[in-house]
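Structure, as structure tokens:
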Amino acid sequence: MNRAELADFLRRGRARLEPSDVGLAAGARRRIQGLRREEVASLTGMSVDYYTRLEQRRGPHPSRQMLTALARALRLTDDERDHLFHLAGEEPPRRQPTSSHVRPGLLLILDRLHDTPAQVVSDTGEVLAQNAPAKALAGDAAARPPRDRNLIRRFFLDPTARDLFPPEDHPAMARAQVASLRAVTAARPDDPEAAALVAELRSGSKEFAHLWTAHEVSLRRASTKRFRHPVVGLLELDCEILLSHEHHHQLIVYTARPGTQSHERLQRLRQASLAPAAPTHSHPQGLPPLQPRPLDPRSSNAGGAEHSSAPPGCRRG
């Protein structure tokens, strides 16, 4: 326990807040900046003497429950809360399971990427948001039932989900998805949604169950990924990942190298995504009618590409 640093952190946290920030009335003219010690003590449910001793570097070791109350009273961010626990010599609480709420800033970036496919995916494979080119590339996830919006579930339980990728890439993709989910469940053992997904896949897919017993774990990084699009043909795309650690989200961006046939085909796909959408019952991918082109891996230099071992949402790192 670092009493000096803890005391300084508490004083500064108290000084930056006004009573209105924590639902208190300002009252008479205040002679100090920020909250009073008695106000923080009241918000945390501790005695004024106990809190005063913490700020004077002579307090006892606060319990985890008291640290949680202090973090809430001082309106600390997750990072600041973890810092508070570290200063008190405690291991911070595990972060909450992934949230379906996408930060406004991440959505703003997604909206600005109007000329390249991009989507926000959770680390358990849930597609949370897509721009128009991403819907044209992989289909509109929001148009599917909620259970069918998980990339890992669809890959192992829906045979049609693999049609978007070259068959020779399927084994590596399957291994990478299982290894990633292994890492997620180990990092968040109390996450019921991740545990339920694993249980469902183990019982519903022999392939998943076999790969799960191998106990492979891997971190995902930027890579090259191949798509067998039914309209524009084979696409070889580079995947870049922007991480949002707060909610375990990734912004996945797909690009093609200029001058390649994949780049030209991606431009066609982008133009198709800007055109009025055809009825979904006649065009499952949400694309207007275009003249299909035959799939020819040789025309995209597929043989010399690094095959991605990522799930349909690409690899993360």
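Observations on the model:
- Phi angles across segment 227-235 convert, under the Karplus curve 6.51 cos²θ - 1.76 cosθ + 1.60 with θ = phi - 60°, into 3J(HN,Hα) values of 10, 9, 6, x, 10, 9, x, 6, 10 Hz, Gly and Pro given as x.
- Contact order for segment 3-87, expressed relative to its length and based on alpha carbon pairs under 8 Å spaced 6+ residues apart, stands at 34 percent.
- Note on Ser218 and Asp190: the extension gain reaches 8.0 nm, defined as 0.36 nm multiplied by sequence separation minus the Cα-Cα distance.
- Those trypsin sites (Lys or Arg not before Pro) in segment 1-57 that DSSP places in a loop and that have at most 10 other beta carbons within 10 Å: Arg29, Arg31
- Available extension along the chain between Thr77 and Asp148 is 22.2 nm, counting 0.36 nm per residue and deducting the alpha carbon span.
- On the basis of the beta-carbon distance and an R0 of 51 Å, Arg31 and Leu243 show a calculated FRET efficiency of 0.70.
- Gain in span if fully extended, Glu200 to Ile109, counting 0.36 nm per residue against the direct Cα distance: 29.4 nm
- Using a Förster distance of 45 Å, the FRET efficiency for Thr68-Glu207 (Cβ separation, nearest 0.05): 0.60
- Cβ crowding within 10 Å averaged over residues, with 203-211, 104-112, 67-75 ranked highest first: 67-75, 203-211, 104-112
No value in this document is a laboratory result; all are computed from the given coordinates. Here the structure is a predicted model, which is why all the values come from computation and not from measurement. Cβ sites come from the backbone with ideal geometry, for glycine too, and all protein chains shown count toward neighbours.
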